[in-house]
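Worksheet for the structure shown next.
Read the figures in this text as sums done on the coordinates, not as results from a lab. Owing to the predicted nature of the structure, the values given are computational and were not obtained by experimental measurement. Positions of Cβ are generated from backbone atoms using ideal geometry, with glycine treated the same way; all protein chains shown enter the neighbour counts.
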């Protein structure tokens, strides 16, 4: 984008697991790195009129989540304060917010039903 002088928005996908998740050191570390990269890129690329944001989803109703054993998934949902899985549409709404808000950069939005309260 810089070399072609293209203005725009970069949206990274992180995870609520970025704060640490039992048995997922590698996953949590990589998602935490995405957060740091988001903030750093926002600082570095703003002079080129490139904004950078990230979304940290919680448990979203996807094919991957649907493969979780039913009893385990039930316990997961019980741990979500809002009481349900998120939907892909809710992630796309967050993407749209980041794109439309020209003052948004360098931040990570948690879309997790309150799991990280």
Quick one: if you stick a label point 7 Å off each Cα along the C-beta vector at residue 104 and residue 67, how many nm between them? 3.0 nm
C-alpha long axis of helix 88-100 to longest principal axis of the chain, angle in °: 20 degrees
Which labelled figure in [x] 17.5; [y] 15.0; [z] 15.3 is Kirkwood radius over Cα pairs in Å, once derived from the coordinates: [z]
State, as an integer percentage, the relative contact order of the chain based on alpha-carbon contacts under 8 Å between residues 6 or more apart. 33 percent
Per-residue ellipticity at 222 nm for the chain, helices alone: DSSP H runs ≥ 4 residues times -39500 (n - 2.57), over residue total, nearest 500 deg cm²/dmol? -12500 deg cm²/dmol
Considering the chain as a Gaussian network with a 10 Å cut-off on Cα pairs, which listed residue, 102, 35, 71, attains the greatest mean-square fluctuation? 71
How far is helix 25-45 tilted off the main Cα axis of the chain, in degrees rounded to 10, range 0 to 90? 20 degrees
